[in-house]
Amino acid sequence: MPGFGLVDAPWLPARVGDAQTTEEFGVLGLLRRAGEITEIVVDLPTQLPALFRQVLLPIVMDALGSPDDRRTWARRLVQGGFTAAEQDTLEDYLQQHRERFDLFHPETPFAQVAGLRTAKDETKGSGLLVAVEATGNNVPLFSARTEGDPPALSPAKAALWLLHAQCWDTAAIKTGVVGDPQAKSGKTTGNPTGPLGQLGVVMPIGRTLYETLLLNVPIGVQERLGAPQWTRSIGPEWESRTARGLLDLWTWQSRRIRLVPEETDDGIRVTRVLVAAGDRLSAPPDWEPHTAWRAERTSKKAKTSAPLRPLRHTPGKQIWRGMNALLAAESEETASFQTSELLDQIRGLQDEELIDAHYPLRVETFGMVYGNQSAIVEDVLHDLTPLPIAALQPGSDVHIAVLDAVEQAEQLAQAVNYLSADLRRAAGLDPIPWDKGQRPGERLLHLLDPVVRRLLHGLQNVADDDTVERGVQAWEATARRLTLQVADSVHSTVPESVFSGRESRKPDGTTVPGLPLGVAVNDFYGRLNRVLPRAV
């Protein structure tokens, strides 16, 4: 069976410049042209952080090291791509580890265990790797296949789904394999999800692949880099432990896996796999760079915060609605949130004027929603938004404008929800429960979403305080118009016959006078004017 070398074989589709079509690259070719590549194209958004953490970032950092200080980092940014000398170093590094990057190597297959097998030499369908395919208890709502019809994965697809499984695999029971002393009755229980499944992943994104790689490289961490998984031997046995450095964390082998390739008329394909228990991360370390953090006080009187916990993303909630966490500086010891290490690093770079305040930074977030004791995938979370670098500076005009706009959006949604509740009470009906149906506030937030993103994009290019003020005024005017639009739709559902408000009856038999429509509408306009003072 021929191998499939990830170093040179074309397996990563990417766009170069403004091209609408994609080219396929091996790892070395991708890094050589990192300054030209604008996007890596994947089948599922959550494959992207898996690719960066399991392959691209560890290669770059293990070969070239961590920048010693911010000025060194800034010099690299100005380069716009890897220098000829750096490319040679990367090539030498990949040449040194070339065998370990062969997907089907007979002794050291990439991110797998050679010869991994069960006592009965059983395997399962390749859908076990693919989060959107039906397999076992994991039956996605819109799956086009059944478990008996596993997908025939090309080596390129199999490689990406292999990385995805190491980062995002579901929890619960895994197949027991020969050589695993902790397997019992042909299975291993108590497996957690993959390490990224326990985070709300936050990645800063640049204009090119090179800039994105650099934005995701922590500065001054050379002493705690550790080593990536391909520098050591991995067998079927596993352990629970802490991460031994950043590269160990990024290339964490949360599963023991073996791909089973076969020759077909279409070339090598993978339809059978074996997925067993892997190393268990005792806890995400507080130096994990790809997540924001929550610090909850144990009581109102407590003077210190509890240990930081990774802040996971909320389903159905756009990234900008959590901007208070993304913009929380790590120096704020009493804050409930802390931003990611990488965003705080960008704040420090801008503070020293080592990165342009108008740099078109974007933030991409990824998450997974699991169900049934984390044994199935219920939803994949993904969002991408502009983030003004100036907003990372606490107390700056842009920082205040961004947080104010986010708070205003939430308050406007609350205002139309209050209006809906008041009008329903006037009609003798109960308000819409917060956990059932769609309340009008959610419709408003959906309409405000592109407006907030446009404001964030505009604030990346502000020249002075007047520009910020004009942007905020435009935001408030548009927000008021859209809020009134939703309020009108809510008001139109109430019959004119309830102008004075209908009486409602309590469970004890007493009656409550109805709320007049005029009072409800007047209360709504009062809230609206308080939330948007510039648009009154």
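Modelled spin labels at ILE173 and ASP449, positioned 7 Å past Cα toward Cβ, are 3.8 nm from each other. For segment 382-395, 3J(HN,Hα) computed residue by residue from phi via the Karplus equation (6.51, -1.76, 1.60; θ = phi - 60°) reads 7, 7, 9, 9, x, 9, x, 4, 4, 5, 6, 8, x, x Hz, glycine and proline entered as x. Extension gain for GLU442 to ALA84 (0.36 nm times residue separation, less C-alpha to C-alpha distance): 123.7 nm.
Tell me the chymotrypsin sites (Phe, Trp or Tyr not before Pro) within segment 63-132 that lie in a loop according to DSSP and have at most 10 other beta-carbon atoms within 10 Å.
Details: sites: TRP73, PHE82, TYR93, PHE101, PHE104, PHE110; in loops: PHE82, PHE104, PHE110.
For chymotrypsin sites (Phe, Trp or Tyr not before Pro) across segment 63-132 that sit outside H, G, I, E and B with at most 10 neighbouring Cβ atoms in 10 Å, the list is empty.
Loop sites by DSSP among the GluC sites (Glu not before Pro) of the chain, restricted to those with at most 14 other Cβ atoms within 10 angstrom, leave 354-502 as the longest stretch without any of them. Spin-label model, GLU378 to ASP286: label points 7 Å out along the Cα-to-beta-carbon direction sit 3.1 nm apart. Ellipticity at 222 nm from helices only: DSSP H runs of n ≥ 4 in the chain, each -39500 (n - 2.57), divided by the residue count, give -10000 deg cm²/dmol.
What is the gain in length, in nm to one decimal, between ASP43 and THR467 on full extension, counting 0.36 nm per residue of separation less the C-alpha to C-alpha distance? Display every interim value, and only then the final one.
Details: separation 424, 0.36 × 424 = 152.64 nm, distance 3.97 nm.
Separation in residues times 0.36 nm, less the Cα-Cα distance, equals 148.7 nm.
Couplings for segment 191-199, taken from phi via the Karplus curve 6.51 cos²θ - 1.76 cosθ + 1.60 with θ = phi - 60°, read 6, x, 5, x, x, 6, x, 9, 10 Hz in order; Gly and Pro are left as x. Neighbours of ALA74, meaning other residues whose beta-carbon lies under 11 angstrom from its beta-carbon, give a summed charge of 0 when Lys and Arg score +1 and Asp and Glu score -1.
When only alpha carbons are used to place a centre, segment 18-39 and segment 174-224 end up 24 Å from one another. For the peptides 123-130, 150-157, the ranking by mean Cβ contacts within 10 Å, running from highest to lowest, is 123-130, 150-157. Please give the helix 341-351 orientation as an angle from the longest Cα principal axis of the chain, in degrees from 0 to 90, rounded to the nearest 10. That works out to roughly 70 degrees. The 3J(HN,Hα) values that the Karplus relation (6.51, -1.76, 1.60; θ = phi - 60°) gives for segment 222-236 are, in residue order, 4, 6, 10, 5, x, 9, x, 5, 6, 9, 9, 8, 10, x, x Hz. Gly and Pro appear as x. Taking the longest Cα principal axis of the chain as reference, the axis of helix 155-168 is set at about 60 degrees. Out of [x] 19, 47, 27, 6, 0; [y] 21, 52, 24, 3; [z] 24, 58, 18, 0, which label holds the value of P(r) over Cα pairs in 20 Å bins from 0, in percent that was computed here? Computed from these coordinates, P(r) over Cα pairs in 20 Å bins from 0, in percent corresponds to label [x].
Coordinate-derived values only; no laboratory data. All figures in this text were calculated on a predicted structure; none of them were measured in a lab. Ideal geometry is used to build each Cβ from the backbone, glycine not excepted, and the neighbour counts take in all protein chains shown.
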